[in-house]
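The values are calculated or read from the model by the stated rules, or taken from the named source; none is laboratory data. This one's a predicted model, so the numbers in the text were calculated from it and none came from an experiment. Every residue, glycine among them, receives a Cβ derived from its backbone with ideal geometry; neighbour counts consider all protein chains shown. Remember, those area values only see protein heavy atoms, side chains included, never the ligands or the DNA or RNA. Shrake-Rupley method; radii C 1.70, N 1.55, O 1.52, S 1.80 Å.
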Amino acid sequence: MTASIERPAVEVRGLVRAFTLKGVLNGIDLEIAPGEFVALLGRSGSGKSTLLRALAEIDHEAGGTGEIRLPERSAVIFQDARLLPWMRVLDNVLLGISGARERGREALAEVGLAGRERAWPHELSGGEQQRVALARALVRAPKLLLADEPFGALDALTRIQMHALLRRLADVHDPAVLLVTHDIDEAILLADRIVLLDQGRLAADLPVDLPQNGLARAKRIAELRALLRRLLGVEEPPEHHEDAGLAPALGGQNG
């Protein structure tokens, strides 16, 4: 008996998107497997957010062609938490959902905000607001989680904490994830696979495969960092210290 082959969670074929006469995406083919964590890197203007918006089906202002197949349930996290200031935290989590308050409380507990259900958004720090946004996404049990630079506005320490939280919750809930980021280390330490966009086309598709062992892991991170910097045309600095904080926070979660 032949084993069944699991279909991709996301299938994109020949995707073209343009604003006026300017092409932004120029024939994208992409697959994301169920439960796979993919990071999308590229220079500014390469089409990263345009691709994410197409998958989120919120790119109505763009013209284009191509085929997109998505799972039934998806959720989006943006750089701005986009909480409604006149609604308390739990109500923001359950926006558009009725009769699920216990589920909302459980989601808040998962992101470390148990007991903050009745807080107002303005009472939360930036990192806490992003935790609410993450709870709002996960309470919908998405099969696809789209994240558009969700940690870009956070300070370095909060960003490290959010990296570990997102990776842990992705492992627990097992959605396919597409993370748009400009941060090479963030991509390496979170993703199973890194996709590079250049001038609206896929320029590279790299498995991450971080070993569990500390020395082997550090070597693989350094190799990937150097390769991605070269592909992006970014000059390698004389010394690189960012990994000292990030790698311990995530441990071997990508192994």
Using the Cα atoms of region 1-129, I'd like the radius of gyration and the largest Cα-Cα distance, Dmax, both in angstrom. 18.6, 58
Regression test value, accessible area per residue of the chain, probe 1.4 Å, units Å², expected 50 Å²
What are the equivalent ellipsoid semi-axes of region 147-215, built from the alpha-carbon gyration tensor (square roots of five times its eigenvalues), in whole angstrom, biggest first? 20, 16, 13
Can you give me the relative contact order of the chain as a percent, contacts being Cα pairs under 8 Å and 6 or more apart? 25 percent
Per 10 Å bin from zero, what fraction in whole % of the C-alpha pairs of region 75-205 is there, up to the bin with the longest pair? 12, 45, 31, 10, 2
Applied in sequence order to region 67-80, the curve 6.51 cos²θ - 1.76 cosθ + 1.60 (Karplus, θ = phi - 60°) yields integer Hz couplings, x standing for Gly and Pro, of 10, 10, 10, 10, x, 5, 10, 9, 9, 10, 10, 9, 4, 8
Relative contact order of region 82-186: what whole-number percent is it, with Cα pairs under 8 angstrom and at least 6 residues apart? 27 percent
Starting from a Cα-only point model with no solvent, please compute log10 I(q)/I(0) by Debye for the chain at q = 0.07, 0.08, 0.09, 0.11 1/Å. -0.25, -0.33, -0.41, -0.62
Enumerate the amide H contacts of PHE37 below 5 Å, restricted to partners 5 or more residues apart or on another chain; note that Pro and chain-start residues carry no placed amide H. VAL177, ASP192, ARG193
Out of region 39-111, which GluC sites (Glu not before Pro) are coil in DSSP terms and have no more than 16 other C-beta atoms within 10 Å? GLU57, GLU61, GLU72
Run the accessible area of the chain with a 1.4 Å probe and give the carbon-and-sulfur part as a rounded percent. 51 percent
